[in-house]
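Below you'll find the structure, written out as structure tokens, and then a few comments.
Just so you know, all these numbers are worked out from the coordinates, no wet-lab data involved. Remember, predicted model here, so these are calculated numbers, not experimental data. No Cβ is skipped: glycine too gets one built from the backbone with ideal geometry, and neighbour counts run over all protein chains shown.
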Ligand SMILES: [Zn+2]
């Protein structure tokens, strides 16, 4: 909780509802250009198939002559797909990753605990046929977007290495 609070403060996230099932990316998509959180916007259309949810930097349009952020928006579907891709990339090479995580463990107890949790999770993991929100919340702390593309993912409880 301490860590989540520090994270929210760092990125100026005032209120984040982590349980919001229809919006798993709230507070977890961060701008790789200026460090602000991304916010969701629905591009409406009377045609349901053309309706799109996009994420863009909260500093994209700032008031009063301030320079706005030049990062591009990203489509909701790209974020879902990015998670699935990452999950598979790890799953395919899980022995490699499990070894690597264990070497990175160090003395940090929280990190050691997370590494054990991740190891368990991937040892038992099965193939995903669709986006799995429980898994997503267990694994992903934040995704960083650069030039409108997912650039980086930080895992829950992980120190950047
Ligand atoms: Zn930005």
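So the values come out like this:
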{"read-out": "Flag for residue 124 being farther than 28 Å from residue 6 by Cβ and without any contact (Cβ under 8 Å) to a residue 24 or more places away in the chain", "value": "yes"}
{"read-out": "Only one of 46, 119 that is part of a loop (DSSP other than H, G, I, E, B) and away from the ligand (no atom under 16 Å from the Cβ)", "value": "46"}
{"read-out": "In region 61-76, residue surrounded by the fewest Cβ atoms within 10 Å (Cβ to Cβ) [restricted to those that are within 14 Å of the ligand (Cβ to nearest atom) and touching a residue at least 12 places away in the same chain (Cβ under 8 Å)]", "value": "70"}
{"read-out": "Restricting region 98-121 to residues that are over 19 Å from the mean Cα position of the chain (by Cα) and in contact (Cβ under 8 Å) with a residue 24 or more places away in the chain, the residue that is nearest to residue 83 (Cα to Cα)", "value": "98"}
{"read-out": "From the options 131, 97, 87, residue that is farther than 15 Å from residue 30 by Cα, in contact with a helix residue (DSSP H, G or I) (Cβ under 9 Å, 6 or more places away or on another chain) and in a loop (DSSP other than H, G, I, E, B)", "value": "131"}
{"read-out": "Subset of region 49-60 that is buried (at least 18 other Cβ atoms within 10 Å of the Cβ) and outside any loop (DSSP other than H, G, I, E, B) - its residue that is farthest from the ligand (Cβ to nearest atom)", "value": "54"}
{"read-out": "Failed criterion for residue 101 (all others in (1) crowded, with 17+ Cβ neighbours inside 10 Å; (2) farther than 23 Å from residue 134 by Cα hold)", "value": "(2)"}
